[in-house]
Amino acid sequence: MTTPSTREKILDAAMSIMRDHGVAKLTLDQAARVAGVSKGGVLYHFKSKDDLIRGMVQRMTDSCDALHHRYYAEQPEGPYRWARTVVHTAFDPQGPAGDPVSGALLAAMAVNPDLMAPIQAKYAEWVERVMSDSPDPAKAALVCSAMDGVVFQRILGLCQGCEKDAERLKQAALDLLKE
């Protein structure tokens, strides 16, 4: 196993701070302390708190994309393969909605919409993928929009007690994508 780079240690530290204390408690000084590096080390990789948050957003986006690719590889070939991938990813407990840092990042992006750029770029790519193998793009878009709602419910903690219905909802979404 490889040793994480200084940049990765800083991102790990920042995400830990956000999970435990929220975005308001994240500072470059605190990230340096938790990562065990100097503030200069943090500033070498991240010029500002916003830059550090962009790095965390990029990491979460990359993680979600990797999860998409894992599910895509497991899906049988055919129509709506990418849309089915989105459904599986939305319900995965290891996905971004299962990490409390997602809510903190969402709060940070609400305050500074410029931080959304990595998500917006990747989201456009995901939409393009879904449309590329969907015979009915409107149906695929509807299902994927519903999955966005599932993810946001989980991030915002709006789905208390919904876990018992999750499998039924997931199956209903997948059933809609049958030809």
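Taking the range 151-165 as the search range and keeping residues that are surrounded by 12 or more Cβ atoms within 10 Å (Cβ to Cβ) and part of a loop (DSSP other than H, G, I, E, B), which one is modelled with the lowest pLDDT? Talk me through it step by step, then tell me what you get.
Of all residues in the range 151-165, those surrounded by 12 or more Cβ atoms within 10 Å (Cβ to Cβ) come to 151-156, 159, 162.
Of the ones still in play, those that are also part of a loop (DSSP other than H, G, I, E, B) are 159, 162.
Details: Cys159: 75, Cys162: 71.
If we take residues in the range 151-165 being surrounded by 12 or more Cβ atoms within 10 Å (Cβ to Cβ) and part of a loop (DSSP other than H, G, I, E, B), then Cys162 is modelled with the lowest pLDDT.
Taking the options Val143, Val130, name whichever one is without any contact (Cβ under 8 Å) to a residue 60 or more places away in the chain, surrounded by 17 or more Cβ atoms within 10 Å (Cβ to Cβ) and in contact with a helix residue (DSSP H, G or I) (Cβ under 9 Å, 6 or more places away or on another chain). Break it down into steps so the answer makes sense when it comes.
Values: Val143 fails: without any contact (Cβ under 8 Å) to a residue 60 or more places away in the chain.
Only one candidate passes the filter, namely Val130.
Which number in (1) touching a Pro at 6+ places or on another chain (Cβ under 8 Å); (2) part of a loop (DSSP other than H, G, I, E, B) marks the one condition that Met131 misses?
Of the numbered conditions (1) touching a Pro at 6+ places or on another chain (Cβ under 8 Å); (2) part of a loop (DSSP other than H, G, I, E, B), the odd one out for Met131 is (2).
Output yes when any residue across the range 90-108 is open to solvent by 30 Å² or more (accessible area, probe 1.4 Å), in contact with an Asp or Glu (Cβ under 8 Å, 6 or more places away or on another chain) and part of a helix (DSSP H, G or I), and no when none is.
Looking for residues that are open to solvent by 30 Å² or more (accessible area, probe 1.4 Å), in contact with an Asp or Glu (Cβ under 8 Å, 6 or more places away or on another chain) and part of a helix (DSSP H, G or I), one finds at least one in the range 90-108, hence yes.
Pro135 fails exactly one of the following numbered conditions: (1) modelled with pLDDT of 95 or more; (2) under 30 Å from Asp50 (Cβ atoms); (3) open to solvent by 70 Å² or more (accessible area, probe 1.4 Å). What is the number of that condition?
If we test Pro135 against (1) modelled with pLDDT of 95 or more; (2) under 30 Å from Asp50 (Cβ atoms); (3) open to solvent by 70 Å² or more (accessible area, probe 1.4 Å), just (2) comes out false.
The values are calculated or read from the model by the stated rules, or taken from the named source; none is laboratory data. Quick caveat, the model's predicted, so the values are computed rather than measured. No Cβ is skipped: glycine too gets one built from the backbone with ideal geometry, and neighbour counts run over all protein chains shown. Just the protein is used for accessible areas: all its heavy atoms, side chains included, with ligands, DNA and RNA removed. Shrake-Rupley method; radii C 1.70, N 1.55, O 1.52, S 1.80 Å.
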